[in-house]
Structure formats: C-alpha cells, structure tokens
Amino acid sequence: MNFPALLSPIKIGSVEVKNRFVVPPMGTNFANPDGSVSQQLIDYYVARAKGGYGLIIVEVTAVEPAGKAIPFEAGIWSDNQVPGWKKLVDEVHKYGAKIAVQLHHAGRQTTTEITGGEKPVAPSPVPCPVMKEMPQELSTEEVYEMIGKFRDAAVRARDAGFDAVEIHGAHGYLIAQFMSQYSNKRLDEFGGSFLSRMKFPLEIIKSIKRAVGNGFPLLFRMSGDEKVHGGRSINETRAVARLME
C-alpha cells in the first residue's frame with residue numbers, strides 16, 4: 001500500500017508536526033504517587049520521540065486530585081508540578097517531536113481509594129455502573145470552579161512548554177458525563193437540552209482560549225456512540241463535533 005502523506009508535515013493550528021505518526025494518550029500509571037512527573041514517565045515518552053513520532057499526546061492528566069482514574073495518574077493541578085512537565089517536554093523536543101497533554105477528570109468513574117480519599121464528583125448523583133460508588137453532585141458554583149481548574153491546567157501546560165492541550169471528553173469521564181443524558185440529570189443551566197448539556201465543555205474551551213489565546217492549539221477527544229440506553233448516538237455526536245469546531 002502507498003501512503004504518500006504519511007511522512008509529510010501537517011499543521012495543527014499554528015504548530016507544524018513533522019509527520020503523521022501520533023502517539024495517542026494511553027494510560028501508563030507511571031507518575032509518582034503525588035501526581036508529579038517521574039523519570040519512568042519521562043523515559044517512556046522520550047523513547048517514542050527518539051523513534052520518530054511527529055506528535056505525542058501525554059495520557060490522562062488530572063486537573064485535580066479527585067479527578068484521578070488510576071492510582072498513579074499524572075497531575076497538573078498545582079504550579080509545583082510544572083517543573084517536572086517542563087523537563088519532560090524539553091527532553092521530547094530534543095528529538096523534533098511535538099507534544100500535547102490530555103487534561104482529564106474522571107468524574108464518577110473512579111473510587112475514593114484511587115483518589116486518596118477524595119469523594120468522586122459528577123453532574124448528577126448517579127453511580128458509575130462499573131465503579132458503583134455514589135458520586136457527589138457538583139453544585140452550579142462548583143461546576144464553574146471546575147471550568148476554572150481546566151483553564152488553569154491549560155495555562156500550566158503552556159507554561160511548561162507543551163505545544164497543545166487535549167480536552168478529554170470521551171470514555172464516560174466527567175466531561176462526557178455532562179454531555180450525555182445517560183448520566184446528566186441536572187435541572188440547572190448545565191443539564192436538560194442538548195445545548196445545556198454542551199455548556200460545560202464549551203465553557204471549558206472558551207475559558208482556555210481566553211487564557212492562552214487562539215494561537216495555542218486545542219484538541220478535543222470524544223466518543224462516537226456510547227452504546228448504552230439513553231447515551232449519545234453517532235447522530236448526536238455529529239452535532240457535538242460541529243458545535244465544538
């Protein structure tokens with residue numbers, strides 16, 4: 001088979017990537033227990049940069065401790081974590097790769113054991129059918145605070161030298177929970193109609209863009225069909241994609 005564009009550069013907003021090979025965000029569980037960047041995590045991504053990948057997207061990176069989905073998930077909720085990220089980014093850049101970080105919050109799809117005692121939160125008090133732990137419903141004020149946590153995480157990512165950020169709106173995590181009638185039973189401005197359920201991710205995008213500028217590339221990951229009764233179908237996802245764009 002012939003793929004003439006595979007080794008040619010491509011632009012994502014203002015950033016040029018040297019080829020079409022991408023390391024997608026895949027959880028390694030390699031961070032330190034406090035969410036800081038470990039040498040093992042650096043080595044993992046540097047090995048892929050050495051291998052010639054054009055773009056590397058760092059796995060789930062929590063915007064607050066309660067957002068962890070795995071015990072050794074990396075964090076970007078504190079300014080103290082920025083130097084570790086800068087070290088990772090600088091090492092990856094030595095080999096010509098661009099690097100993004102995936103901003104993440106597990107929402108109800110975690111447990112207090114994983115979060116270190118922090119109670120899982122969600123748009124509505126509906127437990128995850130897998131984790132089965134009852135989450136705390138976010139108040140309207142807390143939803144706006146959460147938007148700010150995503151914004152602040154994006155600013156830290158930019159300050160660490162990342163070339164882009166990816167918002168994790170897929171796989172049943174917090175943003176996906178807001179977007180879906182399956183898990184969002186709210187009666188305030190963040191629940192109900194399609195546009196109201198989209199308000200949370202849209203406000204995150206707007207807030208990040210106001211903070212880092214339109215020239216900083218912003219990616220959004222979402223599931224196509226949730227495959228559950230009452231969940232988002234591919235038809236609604238088409239509308240989501242247009243709205244996000």
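At what distance in angstrom do the alpha carbon centres of the stretch 125-145 and the stretch 185-225 lie from each other?
Each part's Cα centre sits 17 Å from the other's.
Averaged over every viewing direction, what's the projected area of the C-alpha convex hull for the chain? Give it in nm², one decimal, please. Could the numbers behind the result be given before it?
Numbers: hull surface 53.6 nm².
Here the figure is 13.4 nm², rounded to one decimal.
Taking the convex hull of the Cα atoms, report for the stretch 46-120 its projected area averaged over all directions, in nm².
5.0
With all protein chains present, calculate the accessible area of Leu6 using a 1.4 Å probe and round the result to the nearest 10 Å².
Number for this one is 60 Å².
Would you work out what percent of the accessible area of the stretch 1-80, with all protein chains in place, is carbon or sulfur (probe 1.4 Å)?
Details: 2260 of 3940 Å².
Carbon with sulfur: 57 percent of the solvent-accessible area.
Of all the accessible heavy-atom surface of the stretch 103-201, with the other protein chains kept in place and a 1.4 Å probe, what percent is carbon and sulfur?
Values: 1980 of 3810 Å².
Here it works out to 52 percent.
Could you tell me the relative contact order of the chain? Use alpha-carbon pairs under 8 Å, at least six residues apart, and round to a whole percent.
In percent, rounded to a whole number, it is 16.
If you place +1 on the Cβ of every Lys and Arg and -1 on the Cβ of every Asp and Glu, how big does the dipole about the Cα centre of the stretch 24-119 come out, in debye to the nearest 20?
So the magnitude is around 320 debye.
Please identify the helices of the chain, taking whole runs of DSSP H, that span at least 20 Å along their own axis as judged from the Cα atoms and have a mean Kyte-Doolittle score of -1.0 or higher. Let's see the in-between values first.
Working: long enough: 140-160 (31 Å, -0.60); 194-212 (27 Å, 0.38).
Membrane-span-like by this criterion, though nothing is claimed about a membrane: 140-160, 194-212.
I want the antiparallel fraction of DSSP beta bridges within the chain, as a percent rounded to 5.
So the antiparallel bridges amount to about 10 percent of the total.
Can you compute the radius of gyration and Dmax for the stretch 1-128, using only the Cα atoms, both in Å?
Gyration radius and largest Cα-Cα distance of the stretch 1-128: 16.5, 52 Å.
Tell me the per residue accessible area of the stretch 92-245 using a 1.4 Å probe; a whole number in Å² is fine. Let's see the in-between values first.
Details: 6860 Å² over 154 residues.
Ligands and nucleic acids excluded, the figure is 45 Å² per residue.
Using the structure shown, select from Lys206/Lys227; Lys87/Lys119; Lys50/Lys98; Lys18/Lys68; Lys119/Lys149 the pairs with a Cα to Cα distance greater than 21 angstrom. Display every interim value, and only then the final one.
Details: Lys206/Lys227 29 Å; Lys87/Lys119 32 Å; Lys50/Lys98 12 Å; Lys18/Lys68 32 Å; Lys119/Lys149 17 Å.
Listed pairs above 21 Å: Lys206/Lys227; Lys87/Lys119; Lys18/Lys68.
So between Ile234 and Asp34, what do we pick up on full extension, going 0.36 nm a residue minus the alpha carbon distance? Don't jump to the answer; show the numbers that get you there.
Working: separation 200, 0.36 × 200 = 72.00 nm, distance 3.77 nm.
Extra length available between Ile234 and Asp34 comes to 68.2 nm.
Given H placed on each backbone N at 1.01 Å, which residues far from Ser38 in sequence or on other chains put an amide H within less than 5 Å of it?
Asn32
How much net charge surrounds Ile10 when only other residues with a Cβ under 12 Å from its Cβ are counted (Lys, Arg +1; Asp, Glu -1)?
Summing Lys and Arg as +1 and Asp and Glu as -1 gives +3.
Can you check what the net charge comes to around Phe194, using other residues whose Cβ is under 14 Å from the Cβ of Phe194 (Lys, Arg +1; Asp, Glu -1)? The partial results should precede the final answer.
Working: positive: Arg186, Arg197, Lys199, Arg232, Arg238, Arg242; negative: Glu189, Glu236.
Here the count lands on +4.
How far apart, in nm, are the 7 Å Cα→Cβ label points at Leu195 and Leu7?
Spacing of the two 7 Å Cα→Cβ label points: 5.0 nm.
R0 = 35 Å: FRET efficiency of Lys132 with Leu243, Cβ-based, nearest 0.05?
Working: r = 32 Å, r/R0 = 0.91.
With R0 = 35 Å, the Cβ-Cβ based efficiency is 0.65.
Can you compute the FRET efficiency between Lys227 and Lys94 using 1/(1 + (r/R0)^6), with r the Cβ-Cβ distance and R0 = 45 Å? Round to the nearest 0.05.
Efficiency, from the Cβ-Cβ distance: 0.60.
Please list Ile99, Ile70 from largest to smallest accessible area, probe radius 1.4 Å, with all protein chains kept in place. Mind showing how you got there, number by number?
Numbers: Ile99 0, Ile70 45 Å².
So, going from the largest accessible area down, we get Ile70, Ile99.
For the stretch 48-74 and the stretch 146-162, what is the separation of their Cα centres, given in Å?
Using only Cα atoms to place each centre, the spacing works out to 14 Å.
Quick one: net charge of Gly224's neighbours, Cβ under 15 Å, K/R +1, D/E -1?
Values: positive: Arg221, Lys227, Arg232, Arg238, Arg242; negative: Asp225, Glu226, Glu236.
Every neighbour counted, the sum reads +2.
In whole Hz, what ³J(HN,Hα) sequence does the stretch 184-190 give by Karplus (6.51, -1.76, 1.60; θ = phi - 60°), x for Gly and Pro?
9, 10, 5, 10, 8, 5, 9
Calculate for the chain the 222 nm mean residue ellipticity that helices alone would give, adding -39,500 (n - 2.57) per DSSP H run of length 4 or more and normalising by residue count, nearest 500 deg cm²/dmol.
For the chain, the value works out to -11000 deg cm²/dmol.
The values are calculated or read from the model by the stated rules, or taken from the named source; none is laboratory data. These numbers come from a predicted model, not from an experiment. Every residue, glycine as well, gets a Cβ built from its backbone with ideal geometry; the counts of neighbours run over all protein chains shown. Ligands, DNA and RNA are excluded from the accessible area calculation, which covers all protein heavy atoms including side chains. Shrake-Rupley method; radii C 1.70, N 1.55, O 1.52, S 1.80 Å.
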